[in-house]
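Only one structure is covered here, and it is reproduced in the block below.
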Amino acid sequence: MTQNNPTETVAQRIATILRRHDVEFIFGQSLPSAVILAAEAIGIRQIAYRQENMGGAMADGYARVSGKVGVVAAQNGPAATLLVPPLAEALKASVPIVALVQDVERDQMDRNAFQDLDQIALFQSCTKWVRRVVVPERIDDYVDAAFTAATSGRAGPVALLLPADLLRAEVRAPAIRRFSNLGHWPLDRIRPSDAALTEAASLIAAAKAPVIIAGGGVHCGSASAELAALQREACLPVFTTNMGKGAVDEHHPLSAGVLGSLIGPRSLGRHSSALLEGADLVLLVGTRTNQNGTDNWRQIPPEATVIHIDVDPVEVGRNYEAIRLVGDARETLASLREALGRVDLARRHADRARLEASIVACWERFERDRRDVATSSSRPIRPERLMAELQRLLTDAVTVVADASYSSMWVLGQLRAPASGSRFITPRGLAGLGWGLPLAMGAKVARPDQPVIAIVGDGGFAHSWAELETMVRMNLPITIVVLNNGILGFQRDAETVKFGSYTTACHFAEVDHAKLAEACGCPAVRVEDPSELAYHLQRGLADGPLLIEVMTDPAAHPALSLFAKMDEAA
């Protein structure tokens, strides 16, 4: 604004504040219109989704990959309710999103205005923080507070409710100009006390068989490099949780892969779990110790000493009594490395050769166990064969995104991270179906020059078909692999194990997903011959967008512990 025109609308003020927080994109659908118009006028690009559920997931994927806050915008009423699922995922996954949600005009509240709803109550269960702005002069305070809440401590989503008439109101520029950029995360880098770190270092040095379990907090805290250095310097074997996949290079001889519930026949975990079972010390880094990540809380030995690093003090010791190292993963690991540099690590180094040989043997047995399916030429195609073909094309530049359910499990259990910090994005916070494609779109917005591949099942993909048009219109060239087995695989298999039969909802009518994609302007191919997989995967990663519909074996399922007895009986 010029000195001759010291006022602007609240919507214009919001756009200016967003730019100060380094916001380049808003995932929206034109509403609140006043905000979107003002944002586009100053160069903030709108990524126009088709449905709010998907838009929230796009903001999530963008935040996970970019290290910046994802901003999503929506109308009041039914549109706002559709933001609840992706915000709930972001809350459980610790991903910062700022939701700018239109509200009814201030003098129309509590009068049954069109699409009026108690949106504060709506968002309280799925966000860290929700507020409604009613005073124009407080807009800087509230937007800054929203970004602070989203990026500080354990990151997560927030909702800012903006009455439509407030956005049109004029407001003077604040008397004191603000300069803080609050749009990157983590906002603060805190670490534990020196005394706590010294105690932890002494316990690690003295332990006979220590291991690390690294969770999604390593990615959230940009701590992969520090974790890799700790693994190398202290000779510590590293497992990861589902969300921690890629935190370390899985070709490193001390990397034992993903564990959790992936311990059935033909799994790496069937062999590597003995390493955790024999541990006398477990260092947890950025993990919620949730059900899937611990195979129903059975995997950490009850007699082991547990040291837990997490930025959220409530998570430390939630399920396992632990020595508390409350702090940001990167800063805490860096400080722990310094503390370890002051103790004698001779025991750790002396055990390194044995550990490496043991872990290498686990990977070799895993490769032998799965060789028949990973190299299978059968039709329908085995998902393991697809993963084997994709593995050959993986580099640390490729972002792999999966939908929930079996799509996630194939990716997490079959692919091997090519480098520390590799990104494998899965909606494992709440694990809702349908978010694979929009998460991949958000990731592509964050890294437009790097390849992104989405692995989705036909069941989950049905939730997000409409966003194919968004992908084409917004020029987001993604490779989409649809695993078409014609069923809700997990539902069928879980019901079969638990009840001996499954419901009629598990089977679908035949759908030609390649034709759906082509109707939206996205090149597509249906693959029934496994020998064609490599060519089309390479083509998609090099020249996307491309949808590859892979006709997969409906009898195939990942190596989950839930199905182990069924598989062994077969």
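The values are calculated or read from the model by the stated rules, or taken from the named source; none is laboratory data. Every value quoted in this text rests on a predicted model; they were computed, and no experiment measured them. Virtual Cβ from ideal backbone geometry, glycine too; neighbours counted across all protein chains shown. Calculation scope for accessible area: heavy atoms of the full protein, side chains included, ligands and nucleic acids excluded. Shrake-Rupley method; radii C 1.70, N 1.55, O 1.52, S 1.80 Å.
Accessible surface calculations at 1.4 Å, restricted to protein heavy atoms, place the stretch 162-312 at 36 Å² per residue.
Close Lys pairs in the chain, defined as Cα atoms under 21 Å apart and 8 or more places apart or on different chains, number 8.
Reducing the stretch 303-324 and the stretch 254-268 to their Cα centroids gives an inter-centroid distance of 23 Å. Consider the candidate values (i) 75, 62, 44; (ii) 64, 59, 48; (iii) 76, 50, 47; state which one is Cα extents along the principal axes in Å computed from the structure displayed. Computed from these coordinates, Cα extents along the principal axes in Å corresponds to label (i). Candidates THR16, ILE26, SER152 compared by Cα position along the dipole of the stretch 1-156: farthest toward the positive end lies SER152, with charges placed on Cβ. Taking every DSSP helix (H) stretch of at least 4 residues in the chain, weighting each as -39,500 (n - 2.57) and dividing the sum by the residue count yields a mean residue ellipticity at 222 nm of -11500 deg cm²/dmol. Per-residue packing, averaged as other Cβ atoms within 10 Å, sorts the ranges 325-333, 510-518, 212-220, 71-79 into the order 212-220, 325-333, 71-79, 510-518, beginning with the highest. Averaging Cα coordinates gives a centre for the stretch 1-68 and one for the stretch 487-537; these two points are 36 Å apart. Here the peptides 480-493, 337-350 are ranked by packing, the mean other Cβ count within 10 Å, and the order with the highest first is 480-493, 337-350. Per the Cα gyration tensor, the stretch 54-153 maps to an equivalent ellipsoid with semi-axes of 23, 16, 11 Å, ordered largest to smallest.
A viscosity of 1.567 mPa s and a temperature of 4 °C, combined with the Kirkwood radius over Cα pairs in Stokes-Einstein, give a translational diffusion coefficient for the stretch 513-570 of 96 µm²/s. For the Cα atoms of the chain, what angle does the longest principal axis make with the long axis of helix 10-20, in degrees from 0 to 90, nearest 10? Between the helix axis and the principal axis of the chain, the angle is about 40 degrees. Cα convex hull, the stretch 443-570: 128 Å³ per residue, rounded to a whole number. The Cβ shell under 12 Å around GLY459 holds other residues with a net charge of -1, Lys and Arg each +1, Asp and Glu each -1. Per atom type, the chain shows carbon and sulfur on 50% of its accessible surface, probed at 1.4 Å.
Of all DSSP bridge pairs formed entirely within the stretch 437-570, close to 5 percent run antiparallel. The slack between PHE508 and SER125, meaning 0.36 nm per residue of separation minus the straight C-alpha distance, is 134.5 nm. Averaging the Cα positions of each part gives two centres, and for the stretch 457-473 and the stretch 409-436 these lie 18 Å apart.
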